[in-house]
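Asks: Below is one structure. I have some questions about it.
The values are calculated or read from the model by the stated rules, or taken from the named source; none is laboratory data. The structure presented is a predicted model; accordingly, all values stated were derived computationally and were not measured. Cβ sites come from the backbone with ideal geometry, for glycine too, and all protein chains shown count toward neighbours. Each accessible area value is taken on the protein alone, full model and side chains, heavy atoms only, with ligands, DNA and RNA left out. Shrake-Rupley method; radii C 1.70, N 1.55, O 1.52, S 1.80 Å.
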Amino acid sequence: MSRLLPAELSAGTDRAPAPPAPAAHRFRPEVQGLRTVAVLLVAVYHVWIGGVSGGVDVFLFISAFLMTLSFVRRLENGTGPQLGRYWARTFSRLLPPVVVTVLGTLVAVRLLFPSDRWYAAIEEAAATVLYAQNWVLAFNAVDYYAADTSQASPFQHFWSLSVQGQVFLLWPLLLALCGLLARRTRQPVGRVAAVVFGAVFLASFVFSVVSTGNEQAFAYFDTRARLWEFALGSLLALAVLRGVTLPGALRLVLGWTGLVAIAVCGLVLDVQGSFPGWAALWPLTGAALVILAGHTGDPRGADALLTRRPLLVLGEASYAVYLVHWPVLVTYLVVTDRAKATLLHGLVILLASIVLGVLLHRLVERPLRLGTGARASLRQLGLIVLCVVLVLVPAAGARVVLDRHAQEAAARAAVENPGAAVLAGDLAWQQDPAVPTIPNPLVREGQWATLPEKCDDATQDWFGDHVVACTALPVDPDAEVDAMVVGNSHAEQWLPAFQRVAEDRGWNLLSAVKGACRYQPVETTDETECQELIRLTDQYIEEQDIDVVFTTSTVTSTDGPGEEIAPGFAQLLDDLDERGVTVVGVRDNPRFSFNMVTCIDQDGPDAARCNPPREQKLAPQNPADALEAAHENFVNVDMSDWICPDGTCPSRIGNRWVYMDDNHMPHDYVVTMVPAFAEQFDRLVESRVQSLPGG
């Protein structure tokens, strides 16, 4: 949502339409009104529909259109690009309302949001002011091990402004290059720019379509997949500069067709699931039609609606309204514990966003426009630095404080946070409400378990990009047993226990796992990436003569007990038995439809939702028990009594969180179960698989 208006457009919004003039050289009130339509669509879809409207794409398109008009006119007039002044003026205008919004949102997060969301808010606030939020969201969207993002971040909407900010750095360079090429080739600037932006459009559009088809969650936030939207706006600006004219009747039809297309885009298309590929042409074409229709002066035209004074006034503050509407909405949802706003509450949210946006525009954005000229550029540069410092310094300070609290809690953990050790019955311990539960939900670093060393290069090359984490114990060439941990994150979380068993018995141990990729026969999964990983794992087990495989034997459900033997697990036992491989299968832990840490914050430590009965989450008996008699190579480990003791499955035990989200156990809790795991494993191996060395 750009504030990069040509001088004519930013001079005022309450005057009468100018006399007929070439479309590129006069005030375009219909574009200002189109901004208002876009921001209202974005807000309405967010508040009531819970979806995405395509309005953001219109904002990106308009910003490139206006920027190209302004730059190309200057280049044609011989003024030059003046890049430094442009960047200083632009970011000194964009950043102040961003900083006010970010700091206000951080205060709201600290006072009103659950504590497990503070850390992410600090990280995203810093990414926002550095125009990198889109990349944070992109990598989190495809990173299985990233923090739980099922609950919307109050900074999530800044992704589009980050993309826009990056383009505001790139586009002037491209336009300056166009001016240089035009002088060298003695070609008109517009013609050269058409070739350059045509090439950008084609390359980015192809990339966008391909990446959206392959990894849409990443592509949605990927600047490279969005460049074609800006390029299309630039190409339209070049067409307008060349004086494209259309018959009056056609302009009436185009204006209304474009406006209706923009309005219904989010209802017709799955914007969040299919953009920014070819589907994004829908709203952009609609915006292009409205701009081509222009200011007709006909009361029957769409521009007659778009140029109404309320829309023009709101269009001037549209950037600020966009900034504040999302934090207001997310804060409401957190405070009320709702998934969506009611009709009445939504109206209040929308009205509050408009009022706050207008105030932000008039009290911050407008007064801090520091004029033009060399001295103004220096003041603008100072303002930019100040804005960045005002966010990064408090964010860094808050991070230091949170990290220190986490370290202090970890230092006292052995006495104050015994975890599963309290279930052994030989520890006198009482819950102290003043002692924080660990691990600190604000800091997830170190809670995904790993083995001490990275795999050697040959092993890593074997699995390539198909393994998220490949780690191992130091290799002992004299070890009699080579063991391997395979499967998904639910196998990976037991690495501290597997490591203890391997070290006690003098085994080599390797972990090659990937989130959401359970180890099962290839034909029993439809996930292409998982199929390739399973094939590579099977080959590795065969060629490296692996003796023991650690994995999970059952799979639980988020809704109800629903626990069953993992798909194809019995076949897996048969296949590995033929190769002489012993399988250690661990019963899966319960899964939930909500974050178990957040549950305590919202409902209290004794709430039933946070401590459900065991029979609601696990089968009455371990389903894998049925496989023991038929498979002598199967070691069936069941740690459910240490996760769901006394008939309940609590969110915390012994002042440690049992979960760090809705289904994964943190390292800090698993390590407290290691002695019990090792004891059970030794007992089972002694009774069932006595031939394993090291016992």
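Asks: Just checking, does region 654-661 include any residue being in contact with a Lys or Arg (Cβ under 7 Å, 6 or more places away or on another chain), among the acidic types (Asp, Glu) and not in a strand (DSSP E or B)?
Replies: Checking region 654-661: not a single residue is in contact with a Lys or Arg (Cβ under 7 Å, 6 or more places away or on another chain), among the acidic types (Asp, Glu) and not in a strand (DSSP E or B).
Asks: Output yes when any residue across region 354-371 is over 25 Å from Phe155 (Cβ atoms) and either under 29 Å from the mean Cα position of the chain (by Cα) or open to solvent by less than 30 Å² (accessible area, probe 1.4 Å) (or both), and no when none is.
Replies: no
Asks: So which pairs qualify, if the first residue must be in region 397-419 and basic (Lys, Arg), the second must be outside any helix (DSSP H, G or I), the Cβ gap must be under 8 Å, and the two must be at least 6 apart or on different chains?
Replies: Pairs found: Arg412/Val435.
Asks: If you check every pair at least six apart or on different chains, which have Cβ atoms under 9 Å apart with a residue in region 330-352 that is in contact (Cβ under 8 Å) with a residue 40 or more places away in the chain and open to solvent by 50 Å² or more (accessible area, probe 1.4 Å) first and a residue that is of a type in the set (Phe, Trp, Tyr) and in a loop (DSSP other than H, G, I, E, B) second?
Replies: Here the result reads Val335/Phe113, each pair linking region 330-352 to a residue that is of a type in the set (Phe, Trp, Tyr) and in a loop (DSSP other than H, G, I, E, B).
Asks: Tell me which residues, restricted to region 220-270, are open to solvent by less than 50 Å² (accessible area, probe 1.4 Å) and more than 32 Å from the chain's Cα centre (by Cα).
Replies: Ala237, Leu238, Ala239, Val240, Leu241, Gly243, Gly248, Leu252, Leu254, Gly255
Asks: Scan region 89-110 and report the pairs whose first residue is among the aromatic types (Phe, Trp, Tyr) and whose second residue is open to solvent by less than 10 Å² (accessible area, probe 1.4 Å), with Cβ atoms within less than 8 Å and a gap of 6+ or a chain change.
Replies: The qualifying pairs are Phe91/Gly165; Phe91/Phe168; Phe91/Gln380.
Asks: Tell me which residues, restricted to region 66-110, are of a type in the set (S, T, N, Q), closer than 20 Å to Leu381 by Cβ and open to solvent by 10 Å² or more (accessible area, probe 1.4 Å). Give the derivation first.
Replies: Residues of region 66-110 of a type in the set (S, T, N, Q): 68, 70, 77, 79, 82, 90, 92, 101, 105.
Filter once more, so that each one left must be closer than 20 Å to Leu381 by Cβ: 82, 90, 92.
Once the filter is applied, which keeps residues that are of a type in the set (S, T, N, Q), closer than 20 Å to Leu381 by Cβ and open to solvent by 10 Å² or more (accessible area, probe 1.4 Å), region 66-110 yields only Gln82.
Asks: Moving to a separate point now. Inside region 620-638, can you point out the residues that are of a type outside the set (D, E, K, R), surrounded by fewer than 19 Cβ atoms within 10 Å (Cβ to Cβ) and assigned to a loop (DSSP other than H, G, I, E, B)?
Replies: Pro620, Gln621, Ala629, Ala630
Asks: Would you call Thr285 of a type in the set (Ser, Thr, Tyr) and over 19 Å from Val39 (Cα atoms)?
Replies: Against the criterion (of a type in the set (Ser, Thr, Tyr) and over 19 Å from Val39 (Cα atoms)), Thr285 does not qualify.
Asks: Right, another one. Hey, could you check region 557-610 for residues that are more than 32 Å from the chain's Cα centre (by Cα) and more than 19 Å from Thr525 (Cβ to Cβ) and say which is most open to solvent (accessible area, probe 1.4 Å)?
Replies: Glu578
Asks: Residues that are open to solvent by less than 20 Å² (accessible area, probe 1.4 Å), at pLDDT 90 or above and over 20 Å from Phe681 (Cα atoms): find the strands (runs of 3 or more DSSP E) completely inside region 413-530 holding 2 or more of those. Break it down stepwise before answering.
Replies: Values: elements: 469-472, 482-487, 508-513.
Result: 469-472, 508-513.
Asks: Of all residues in region 522-573, how many are acidic (Asp, Glu) and in contact (Cβ under 8 Å) with a residue 60 or more places away in the chain? Steps first, please.
Replies: Looking only at region 522-573, we keep the residues that are acidic (Asp, Glu), and these are 523, 526-527, 529, 532, 538, 542-543, 545, 547, 559, 563-564.
In the following step, the residues that additionally are in contact (Cβ under 8 Å) with a residue 60 or more places away in the chain were identified as 529, 532, 545, 547, 563.
Count: 5.
Asks: With the checklist (1) within 30 Å of Asn655 (Cα to Cα); (2) open to solvent by 20 Å² or more (accessible area, probe 1.4 Å) in hand, flag the one item Thr554 doesn't pass.
Replies: Going through the list (1) within 30 Å of Asn655 (Cα to Cα); (2) open to solvent by 20 Å² or more (accessible area, probe 1.4 Å), Thr554 breaks only (2).
Asks: For region 372-393, enumerate the residues that are modelled with pLDDT of 90 or more, surrounded by 13 or more Cβ atoms within 10 Å (Cβ to Cβ) and among the aliphatic types (A, V, I, L, M).
Replies: Leu381, Leu383, Ile384, Leu386, Val388, Leu390, Val391, Leu392
Asks: Collect the residues in region 195-219 that are crowded, with 18+ Cβ neighbours inside 10 Å, among the small types (Gly, Ala, Ser) and under 16 Å from Ala64 (Cβ atoms), keeping them in residue-number order.
Replies: Ser204, Ser208
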